[in-house]
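Structure first, then comments.
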Amino acid sequence: GGCWHQCCPGRNNACWALGARRARCYCDSYCERTGDCCEDYHAMCRRAAVGCAVGPWGPWSGCSSLCGVGSKTRSRQVTVPPRHGGEPCPDLKQRRGCLGEHPTCGTAK
């Protein structure tokens, strides 16, 4: 048993292994607060904690509506995924409202 097979960020009750005396121990970063980490947690998970890194936001898309209320979206990519209990990734997509004002909108009224 032990954390050699998995390390999880935050509180994750599914991130456990069988430790000494066949008792359940945990490999999530929350185990440090609760004191129920597997014996090898620090060696396997905390030694190389890497937080998520993301790239810059891409451009906003065009408005989803040619005439009237719509939305625009933009996204960014993960450049370094989180490992060994590092900080999780922030939002990768954003959305905002827009007003479509295509030249044909006036004639459609």
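The values are calculated or read from the model by the stated rules, or taken from the named source; none is laboratory data. In this text the structure is predicted, and so the values were computed from the model without any measurement. All Cβ positions, even for glycine, are placed from backbone atoms using ideal geometry, and neighbour counts span all protein chains on display. Just the protein is used for accessible areas: all its heavy atoms, side chains included, with ligands, DNA and RNA removed. Shrake-Rupley method; radii C 1.70, N 1.55, O 1.52, S 1.80 Å.
Some observations on this one:
- Close pairs from segment 93-107: first in the same structural domain as Arg76 (by the TED database), partner open to solvent by 80 Å² or more (accessible area, probe 1.4 Å), Cβ under 6 Å, at least 6 apart: Gly100/Leu66; His102/Leu66
- Ala20 vs. criteria of a type in the set (A, V, I, L, M) and without any contact (Cβ under 8 Å) to a residue 12 or more places away in the chain: no
- Test: residue in segment 10-24 that is in contact with a His (Cβ under 7 Å, 6 or more places away or on another chain) and in a loop (DSSP other than H, G, I, E, B): no
- Test result for Gly86, within 26 Å of Arg11 (Cβ to Cβ) and either loosely packed, with under 14 Cβ neighbours inside 10 Å or modelled with pLDDT under 90 (or both): yes
- Any pair with Cβ under 7 angstrom, 6 or more apart, that starts in segment 63-82 at a residue that is within 30 Å of Cys8 (Cβ to Cβ) and ends at one that is part of a strand (DSSP E or B) and open to solvent by less than 60 Å² (accessible area, probe 1.4 Å): Arg76/Val54; Gln77/Val54; Val78/Val54; Thr79/Ala53; Thr79/Val54; Val80/Val50; Val80/Ala53; Pro82/Val50
- Number of residues in segment 65-74 that are at pLDDT below 95, in contact with a Ser or Thr (Cβ under 9 Å, 6 or more places away or on another chain) and open to solvent by 50 Å² or more (accessible area, probe 1.4 Å) equals 2.
- Scanning segment 25-60 for residues that are part of a helix (DSSP H, G or I), modelled with pLDDT of 85 or more and surrounded by 13 or more Cβ atoms within 10 Å (Cβ to Cβ) yields Cys31, Glu32, Tyr41.
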